[in-house]
Amino acid sequence: MTARLTRRGFLTTGAMLGAGLLAGPVLAGCSTPDTAGGSGTGSSGSGAGTGTPTTDFPSKLWTPTDTVGALPDRPKRIAWQNIVVGVTALEAVESWVKKGAEEIGYEYLGSNSNGNSAQTITQMNQAITRGIMGMVAPGQELPAQVAAMKTGMAAGSAMFLFNTGGITCGMAAVQYQFGRRIGEYTATYVKEQLGGTGKVVFINLNVQQDLRPRETGFMDAITEAGLDKSIVTSVDSPAAATQEEGYTLMNTYLQKAGEVDVVAAAGDDLALGAMSALKAAGMWESKPKLMVCGIDGNTQAIAAIKAANTPYKATSAVHYPMVGYAPARLIGRWGEGKTIPQFLEYQSFLIDSADAATKWETDQDRCPELYEEMLGGDTTYIAPRGEISYATRGAIYEGDLPVKLPDLVQ
């Protein structure tokens, strides 16, 4: 059965890199003959290569070098396989995949399956058959996507896919880390502003299985800070992660419990809606230390943090432009016979002040500089793990994506 998905299936934009279901419209790709680079048919561009697959998740920080090994005989072409319509986050990813390709002199090939999972695989196979140095794709039907990508890998291409192993380089924004980042902020706030106690509400999105680790990370941060977990009341959100739903949930809670000091939510829209309910209840004035925080880097949430005139204090977010730009540039390294990471961990960046918000906004257009900083060891936005190259292309990570990644070893 062919699956067709719509953007209404997503509860938050941050879930797109930590969950496996997406959908979307056709994006035009450049189209030129298969002479953009190598022929794509040479003997050096096929086979499994040296190296043994592993089920041990890569924990060591990737250290790039200029050492050149065997070269893949593949065209200088990068494919982006989109599957979602009208989602700003993935539009940013797509735009920066294209910019990254153009900067290194590669042809860009963009496709979109308009939510049709069978069409996703068809388009991926078409790009692989045409000849590519590498491909970047969000997850939709992971087993089928991995199978298609393995065909490209056998030909010598580098394949980047969200939320799975079994390909050249896996990628994910780890949902546990999102929750933990906000949990750490909440714990510090409770200890420093509320004397180590208070009533905390966490509005979860456990209705979506892939987002359940957000609550786990939040609660781990609370207890590891030495706070009693009983100060937190978890409130279930249904399928809609909207401001309207956040308002309704908070209003219902206030009618039953009456008091709250902190509201944290698994999505910024829920938190913003809850904040509106708190205002309607007069709590902005009656509780001057009231605090609200969320997850995803919603532009309205960031604006509130910058303005510093509401209880909204923090959000955590992924740098979506780098989600596209870094893989494109790394595919260029692959084509040069250099090493690339086995896994890209997209970090949860905490925006908790006007200065942090300004840095975040400025950095959205600084991908070339941020990429160079990543090569130099900076892990602010991306923690590159493990090492693989065309010469060692058999040494892929074959396991599943852990809910909580092992500590990064420098």
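Compute the Kirkwood hydrodynamic radius of the stretch 257-375, taking the inverse of the mean of 1/r over all pairs of distinct Cα atoms, and give it in Å to one decimal. Write down the numbers at each step before the final one.
Working: mean 1/r = 0.0620 Å⁻¹.
Averaging 1/r across every pair of different Cα atoms and inverting gives 16.1 Å.
Averaged over every viewing direction, what's the projected area of the C-alpha convex hull for the stretch 58-107? Give it in nm², one decimal, please. Write out the running numbers ahead of the final one.
Numbers: hull surface 23.3 nm².
Average of the hull's projected areas for the stretch 58-107 equals 5.8 nm².
Work out the charge dipole of the chain with +1 on the Cβ of Lys and Arg and -1 on the Cβ of Asp and Glu about the Cα centre, then indicate which of 397, 297, 83 is farthest towards its positive end.
It is 83.
What's the magnitude of the charge dipole for the chain around its Cα centre, counting Lys and Arg as +1 and Asp and Glu as -1 at the beta-carbon? Answer in Debye, nearest 20. Walk me through the numbers on the way to the answer.
Working: 32 positive and 41 negative charges, 107 e Å.
The dipole of the chain has a size of about 520 debye.
Once each part is reduced to its C-alpha centroid, what is the distance from the stretch 230-246 to the stretch 289-327 in angstrom?
Distance between centres, Cα-based: 18 Å.
How large is log10 I(q)/I(0) at q = 0.13, 0.28 Å⁻¹ when the Debye formula is applied to the Cα atoms of the stretch 204-275, each weighted equally and without solvent?
Cα-only, vacuum Debye calculation for the stretch 204-275: -0.37, -1.33.
As an exercise, identify the GluC sites (Glu not before Pro) in the stretch 229-262 lying in DSSP coil whose Cβ has no more than 15 other Cβ atoms within 10 Å.
Details: sites: 244, 245, 259; in loops: 259.
The qualifying sites are 259.
With +1 on each Lys and Arg Cβ and -1 on each Asp and Glu Cβ, how big is the dipole of the stretch 161-239 about its Cα centre, in debye rounded to the nearest 20? Numbers along the way, then the final one.
Details: 7 positive and 8 negative charges, 13 e Å.
The dipole of the stretch 161-239 has a size of about 60 debye.
Could you give the dipole magnitude of the stretch 355-398 about its Cα centre, charging the beta-carbon of Lys and Arg +1 and that of Asp and Glu -1, in debye to the nearest 20? Don't skip to the answer; put the middle values down first.
Details: 4 positive and 10 negative charges, 55 e Å.
Dipole about the Cα centre, nearest 20: 260 debye.
Whole Å is fine, so just give me how far the alpha carbon centre of the stretch 132-153 lies from that of the stretch 62-112.
Using only Cα atoms, the two centres lie 13 Å from each other.
Using modelled amide H (1.01 Å from N, peptide plane; none on Pro or chain starts), what sits under 5 Å from the amide H of residue 235, excluding residues fewer than 5 places away?
202, 203, 204
Pull up the DSSP beta bridges for the chain and report the antiparallel fraction as a percent, rounded to 5.
Numbers: 10 of 47 bridges.
If I count the DSSP bridges inside the chain, around 20 percent turn out antiparallel.
Gap in Å between the Cα centre of the stretch 248-279 and the Cα centre of the stretch 338-359?
28 Å
Show me the three semi-axes of the equivalent ellipsoid for the stretch 175-317, from the C-alpha gyration tensor (sqrt of 5 times each eigenvalue), largest first, rounded to whole Å. Can you show the working numbers first?
On the way: eigenvalues 70, 63, 45 Å².
Three semi-axes, in Å: 19, 18, 15.
How big, in percent, is the set of alpha carbon pairs in the chain lying more than 35 Å apart? Numbers along the way, then the final one.
Numbers: 24004 of 83845 pairs.
Cα-Cα pairs of the chain separated by over 35 Å account for 29 percent.
How would you rank 312-325, 353-366, 85-98, highest first, on the average number of other Cβ atoms within 10 Å across their residues?
Values: 312-325: 26.7, 353-366: 14.4, 85-98: 20.4.
Packing order, densest peptide first, comes out as 312-325, 85-98, 353-366.
In degrees from 0 to 90, rounded to the nearest 10, what is the angle of the helix 212-224 Cα long axis to the longest principal axis of the chain?
60 degrees
Summing Lys, Arg as +1 and Asp, Glu as -1, what charge do residues with Cβ under 10 Å from the Cβ of residue 261 carry, residue 261 excluded?
Working: positive: 199, 287, 289; negative: 259.
Summing Lys/Arg as +1 and Asp/Glu as -1 gives +2.
Going toward the positive end of the dipole of the chain, with +1 on Lys and Arg Cβ and -1 on Asp and Glu Cβ, which of 249, 346, 121 do you reach last?
Selected residue: 121.
Values quoted throughout were computed directly from the atomic coordinates according to the rules given, and no laboratory measurement underlies them. For clarity, every value in this text was computed on a predicted model and none was experimentally measured. All Cβ positions, even for glycine, are placed from backbone atoms using ideal geometry, and neighbour counts span all protein chains on display.
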